[in-house]
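Read through the structure below, which is laid out as structure tokens, and then see the notes.
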Ligand code: SAM
């Protein structure tokens, strides 16, 4: 493939190089900002899953343009090391680890962020359920960190995969943010299931207690009886993507679990309720009587 063929195919890839952004994703944040004015009044921002750093570049440029005299602080976090960016504090770590969350909180030095963004994406496997599940876990981790560091009234912007449980996710986000919008910037390819949630006016319910050890109560071994008030109602936060059940596309060997008798043989059970008057009954009767041309 020629060096310039990707330039030809992807206008944003080309533009990113021309304008000095480290990745074409810069345009996604720029376009979201244009529509939702998310940088207004922002001096403290956290960029989760930031490498190679184009969103942090956008933050550094736009926040300084908007508040030239502001005390700007930008914290960027990623699993991967990032080349340094002027005016950005860089942390290397996994956002699903408590220690990474604690490092971010520590760098904020008791202050709250006005904006948290997360463009996190796992290495896509091509197995949609698996990819959606990992993406949901990343979002959950990002959101949990956000509940610890975002100021009341603050904003949260994050990448989501529009899978089958996405409506549930939107309503759950609305428990924490009165304004939740999903957007697909023009620079995000149509062929990709990614979209972005723009959550505004952070307003956790009265009595909500963020927990670092049990993020939004995802730990199912949690003692539910100890939860009180709104913390009981808010759970379980992300119900989507549970991989523990049977996969309807898989074939399982017989006997399977409780279907085995004492000797380990498969015991085929009748349907709980067979059809009462199926239209194929007559055809079956005729076929049994040897008349295969049931008409
Ligand atoms: N917004 C970035 C930019 O503009 O340069 C691009 C982000 S890239 C699409 C997704 C990033 O998510 C990758 O750099 C990856 O290392 C990071 N990531 C995935 N899982 C992560 C995790 N558990 N903790 C931290 N970063 C993670």
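What follows draws every value from the coordinates through simple rules; no lab data is involved. Nothing here was measured: the structure is a model prediction, and the numbers come from that model. Because the Cβ atoms are built from the backbone with ideal geometry, glycine has one as well, and the counts that use them run over all protein chains shown.
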* **Mean Cβ neighbour count within 10 Å, used as a protection proxy, ranking 109-116, 279-286, 130-137 highest first** => 130-137, 109-116, 279-286
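For Cα pairs less than 8 Å apart in space and 6+ apart in sequence, what is the mean separation divided by the residue count of the stretch 11-232, i.e. the relative contact order in percent? Walk me through the numbers on the way to the answer.
Numbers: 366 pairs, mean separation 36.9, N = 222.
Worked out over the stretch 11-232, it gives 17 percent.
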* Asked: How far apart, in nm, are two points set 7 Å out from the Cα along the Cα-to-Cβ line at residue 286 and at residue 209?
  -> 7.1 nm
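Return the percentage of antiparallel bridges among DSSP beta bridges fully within the stretch 11-232, rounded to the nearest 5 %. Don't skip to the end; give the middle numbers.
Details: 11 of 30 bridges.
If I count the DSSP bridges inside the stretch 11-232, around 35 percent turn out antiparallel.
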* To do: Can you tell me which of 147-155, 34-42 comes out highest on packing, and rank the rest after it, using the mean Cβ neighbours within 10 Å?
  => 147-155, 34-42
* All-pairs Cα distance distribution in the stretch 11-232, expressed in whole percent, bin size 5 Å -> 1, 7, 15, 19, 22, 18, 11, 5, 2, 1, 0, 0
* Sort all Cα-Cα distances of the stretch 83-156 into consecutive 5 angstrom bins from zero, then give the percent of pairs in each bin up to the one containing the longest distance. => 3, 14, 21, 24, 18, 11, 6, 2, 0
* **Inter-label distance for residue 124 and residue 71, nm, one decimal - labels placed 7 Å from Cα along Cα-to-Cβ** => 4.2 nm
* Asked: In nm, what is the difference between 0.36 nm times the number of residues separating residue 111 and residue 267 and their Cα-Cα distance?
  -> 49.8 nm
